[in-house]
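Everything on this sheet refers to the single structure shown next.
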Amino acid sequence: ISTIDCFYYTIIKNKFKGGTMEEKRIAAKRAVDYVHDGMIVGLGTGTTAYWAIKKLALKVHEGLNIKAIATSIQSEELARKLGISLISFSDIDEIDITIDGADEVDYNFNLIKGGGGALLREKIVAAASKQLVIVVDQSKLVNRLGLFPLPVEIVKFGHEVTMKNLSKLQCKAKLRMKNEKVFVTDNGNYIVDCHFDSIENPKELHNKINLIPGVVDNGLFVDMADKVIVGYQNGEVKEL
Ligand code: 5RP
């Protein structure tokens, strides 16, 4: 882990919660073993995905031939800086593998994502991927989703009424702020963090939320993850 890693990681860490840098790094490193020559790779967003991008870049410099699509401007800039070739959706039909983090993962592989505000692009990339590999530190594993506030991306127009409608689903809906300004996503939308505390039926809630006019998408990823790789404090890595 270099000084530059620590510097970059400290900047982006403020936006994300979770376990230690090492737990995230070892999970991400294992996931990169599934990337092979000639693959189109989806690059996730966040501190865990950061390590996957770094490891991929190392392999690219050693000769691995891949093309990548990023789930955020932040990851795209990092990939470009590290020399990973980027490709756009107009050039491909599908993505071979995507490696991304998550805010919560249950034992049925349902996820909450969007802590970094990138849920929409993350879901588009995940849905276009043959394989979605989720990399997390052990703190992200839960029996039931919902303690982490569910991020919902909504359009700016009428956001007040969209938020009222979200509250009717028995959650406390809070507009996400950053540096005392309303947080704006890479897509020019707002994020509402919905505090449910406990989510009984992720699929049902996912569908209910997405039916509200003004909602673009929400951070519940149901039936999408193919593999979850977990990094533990003792250095162990488990593949679920
Ligand atoms: C960003 C995400 C991230 O994958 C999620 O927030 C986990 O981040 P980290 O790996 O930094 O803990 O969904 O929108």
State which residue is nearest to the chain's Cα centre (by Cα) when the search covers only the stretch 19-37 and only residues that are exposed (fewer than 15 other Cβ atoms within 10 Å of the Cβ) and within 19 Å of Asn65 (Cα to Cα). Asp33
List pairs: first in the stretch 20-39 and small (Gly, Ala, Ser), second within 11 Å of the ligand (Cβ to nearest atom) and part of a helix (DSSP H, G or I), Cβ under 6 Å, 6+ apart or cross-chain? Ala28/Thr48; Ala28/Trp51; Ala28/Ala52; Ala31/Ala52
Are there any pairs with C-beta distances below 9 angstrom linking a residue in the stretch 116-135 that is on the phi > 0 side of the Ramachandran plot to a residue that is of a type in the set (Ser, Thr, Tyr), with the two at least 6 apart or on different chains, and if so which? Gly117/Thr45; Gly117/Ser72; Gly117/Thr185
Among (1) hydrophobic (A, V, I, L, M, F, W, C); (2) more than 20 Å from Gly116 (Cβ to Cβ); (3) in contact (Cβ under 8 Å) with a residue 12 or more places away in the chain, there is one condition Met224 misses while meeting the rest; what is its number? (2)
So, in the stretch 178-203, how many residues would count as being more than 16 Å from Leu147 (Cα to Cα), more than 19 Å from the chain's Cα centre (by Cα) and surrounded by 12 or more Cβ atoms within 10 Å (Cβ to Cβ)? 1
Only listed residue being basic (Lys, Arg) and under 24 Å from Ile99 (Cβ atoms), chosen from Lys227, Lys208: Lys227
Please go through the stretch 75-96 and give me each residue that is crowded, with 22+ Cβ neighbours inside 10 Å and within 14 Å of the ligand (Cβ to nearest atom), ordered by number. Ser75
Applying the selection to the stretch 217-240, what residues are of a type in the set (A, V, I, L, M, F, W, C), surrounded by 15 or more Cβ atoms within 10 Å (Cβ to Cβ) and away from the ligand (no atom under 14 Å from the Cβ)? Val222, Val237
State whether the residues of the stretch 45-66 include one that is more than 16 Å from Arg25 (Cα to Cα), within 15 Å of the ligand (Cβ to nearest atom) and either within 21 Å of the chain's Cα centre (by Cα) or hydrophobic (A, V, I, L, M, F, W, C) (or both). no
Quick check on the stretch 97-120: of everything there that is more than 12 Å from the ligand (Cβ to nearest atom) and under 17 Å from the mean Cα position of the chain (by Cα), which residue is farthest from Asn143 (Cα to Cα)? Ile97
Hey, can you tell me all the residues within the stretch 137-175 that are away from the ligand (no atom under 16 Å from the Cβ) and in contact (Cβ under 8 Å) with a residue 60 or more places away in the chain? Val155
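Each reported figure results from applying straightforward, stated rules to the coordinates on display, with no laboratory input. Please read all numbers here as calculations on a predicted model, not as lab measurements. All Cβ positions, even for glycine, are placed from backbone atoms using ideal geometry, and neighbour counts span all protein chains on display.
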